[in-house]
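A.B. asks: Just dropping this structure here.
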Amino acid sequence: MTLSPSPTNSADGYVRTDLANGIGRIEFFHPKSNSLPGVLLRELAATVTRVSQDPAVRVIVLQSGGTGPFCAGASFDELASLSEPAQGQQFFSGFAGVILAMIRAPQFVITRVHGKAAGGAVGLISASDFSMAVRTASAKLSELAVGIGPFVVGPVIEKKLGLASFSQMAVDADWRDAAWCERRGLYARLYDDVAALDAGVDQLAATLARSNPDAMAQMKQVFWAGTEQWDAMLAERAHMSGTLALSPFTRQAIAAFKGK
């Protein structure tokens with residue numbers, strides 16, 4: 001399968017799409033552990049929205065490229081470069097845009113998790129309607145470790161996992177193994193290796209592509225009922241994170257993290 005590059009495709013990362021047989025496959029990649037700078041997050045959100053508006057697409061598959069982590073969250077290089085609150089809010093709004101695009105797409109979104117997921121990546125997985133992962137795909141919310149909190153991704157993680165599991169991940173910013181994630185509902189199915197994962201994703205996507213799109217769209221509305229006001233809430237949460245990112249504590253924490 002060949003995924004077509006987006007207009008912003010470059011050595012600094014890409015978003016690619018493949019549309020075939022009712023399946024809209026979207027792949028993102030960045031050479032730094034699939035950590036996502038703002039430009040790629042905005043491209044990813046726009047791509048999810050564009051693909052979801054194609055009447056030929058019955059189901060969306062979200063995946064990342066490479067063989068390393070699924071996604072290491074937001075770009076630490078860009079985080080370290082923030083210099084004013086407006087920049088901070090725009091930066092942290094990146095994952096909000098992707099989350100909103102995913103939950104508002106009328107199609108089910110299947111997320112393929114081939115490796116570890118950190119920070120904002122947990123939000124992306126939570127925003128999917130069905131996630132499938134390899135058994136080595138551990139996950140963590142790393143925000144508190146660098147002086148901020150999982151404010152933007154928190155609402156969707158809490159909705160998917162419940163308050164108890166979300167708060168555990170947010171307070172103890174350490175890795176949870178894939179079995180823990182499956183028990184809490186972050187992952188729906190686990191596979192022994194990537195080949196088995198791909199076979200499982202392809203099989204489910206093909207089944208959904210043959211299912212009633214109206215029924216799936218109405219099920220999607222039921223799944224995400226109560227999120228209608230999230231635009232304003234996530235913007236406020238992005239402001240909270242952006243303000244904290246400029247604090248001396250967070251600046252020092254980020255510098256120490258990058259120095260490791």
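A.B. asks: List the residue pairs whose Cβ atoms are under 9 Å apart, where the first residue sits in segment 165-183 and is in a helix (DSSP H, G or I), the second is modelled with pLDDT under 95 and open to solvent by 70 Å² or more (accessible area, probe 1.4 Å), and the two are 6 or more positions apart or on different chains.
C.D. replies: 170/144; 171/144
A.B. asks: Continuing with this model, one more query. When the residues of segment 1-31 are narrowed to those that are modelled with pLDDT of 95 or more and outside any strand (DSSP E or B), which ends up most open to solvent (accessible area, probe 1.4 Å)?
C.D. replies: Residue satisfying both the conditions and the ranking: 21.
A.B. asks: Do any residues in segment 211-229 that are among the aromatic types (Phe, Trp, Tyr) have Cβ atoms under 8 Å from those of residues that are assigned to a loop (DSSP other than H, G, I, E, B) and modelled with pLDDT of 95 or more, where the two are at least six apart or on different chains, and which pairs are they?
C.D. replies: Filtered contacts from segment 211-229: 223/129.
A.B. asks: Just to be sure before I move on: is residue 84 of a type in the set (D, E, K, R), free of Cβ contacts under 8 Å to residues at least 60 places away in the same chain and either open to solvent by 10 Å² or more (accessible area, probe 1.4 Å) or farther than 19 Å from residue 239 by Cα (or both) in the structure I sent? Can you show your working first?
C.D. replies: Values: of a type in the set (D, E, K, R): yes; free of Cβ contacts under 8 Å to residues at least 60 places away in the same chain: no; either open to solvent by 10 Å² or more (accessible area, probe 1.4 Å) or farther than 19 Å from residue 239 by Cα (or both): yes.
It is false that residue 84 is of a type in the set (D, E, K, R), free of Cβ contacts under 8 Å to residues at least 60 places away in the same chain and either open to solvent by 10 Å² or more (accessible area, probe 1.4 Å) or farther than 19 Å from residue 239 by Cα (or both).
A.B. asks: Among what's in segment 224-239 and is farther than 19 Å from residue 109 by Cα and either outside any helix (DSSP H, G or I) or of a type outside the set (Gly, Ala, Ser) (or both), pick the residue that is modelled with the lowest pLDDT.
C.D. replies: 239
A.B. asks: I need the full set of residues from segment 90-104 which are surrounded by 24 or more Cβ atoms within 10 Å (Cβ to Cβ) and either within 11 Å of the chain's Cα centre (by Cα) or in a loop (DSSP other than H, G, I, E, B) (or both), in order please.
C.D. replies: Those that are surrounded by 24 or more Cβ atoms within 10 Å (Cβ to Cβ) and either within 11 Å of the chain's Cα centre (by Cα) or in a loop (DSSP other than H, G, I, E, B) (or both): 94, 95, 96, 98, 99, 102.
A.B. asks: Next up: Is there a residue being over 18 Å from residue 33 (Cα atoms), at pLDDT 95 or above and among the small types (Gly, Ala, Ser) anywhere in segment 109-122?
C.D. replies: The answer is no, given that none of the residues of segment 109-122 is over 18 Å from residue 33 (Cα atoms), at pLDDT 95 or above and among the small types (Gly, Ala, Ser).
A.B. asks: Let me ask something else about it. Checking residue 106 against (1) free of Cβ contacts under 8 Å to residues at least 24 places away in the same chain; (2) touching a Ser or Thr at 6+ places or on another chain (Cβ under 7 Å): exactly one of these is not met. Which one?
C.D. replies: For residue 106, the exception is condition (1).
A.B. asks: Could you check how many residues of segment 119-153 are under 20 Å from residue 222 (Cα atoms) and either of a type outside the set (Val, Ile, Thr) or assigned to a strand (DSSP E or B) (or both)?
C.D. replies: Number satisfying all stated conditions: 8.
Residues are listed down the side, and each one gets a yes or a no for (1) crowded, with 19+ Cβ neighbours inside 10 Å; (2) acidic (Asp, Glu); (3) under 22 Å from residue 243 (Cβ atoms):
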| residue | (1), (2), (3) |
| --- | --- |
| 123 | yes, no, yes |
| 133 | yes, no, no |
| 149 | no, no, yes |
| 154 | yes, no, yes |
| 163 | no, no, no |
| 168 | no, no, no |
| 173 | no, no, yes |
| 176 | yes, no, no |
| 186 | yes, no, no |
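A.B. asks: In segment 132-146, what residues are out of contact with any Lys or Arg (no Cβ under 8 Å at 6 or more places or on another chain) and not charged (D, E, K, R)?
C.D. replies: Result: 134, 141, 142, 144, 145, 146.
A.B. asks: What number of residues within segment 200-232 satisfy the criterion of being open to solvent by 60 Å² or more (accessible area, probe 1.4 Å) and either in contact with a Phe, Trp or Tyr (Cβ under 9 Å, 6 or more places away or on another chain) or among the hydrophobic types (A, V, I, L, M, F, W, C) (or both)?
C.D. replies: Qualifying residue count, segment 200-232: 4.
The values are calculated or read from the model by the stated rules, or taken from the named source; none is laboratory data. What you are looking at is a predicted structure, and each value in this text was computed from that prediction instead of being measured. Glycine gets a Cβ as well: all are built from the backbone with ideal geometry, and neighbour counts include every protein chain shown. Surface areas here come from the heavy atoms of the whole protein model, side chains and all, with no ligands, DNA or RNA. Shrake-Rupley method; radii C 1.70, N 1.55, O 1.52, S 1.80 Å.
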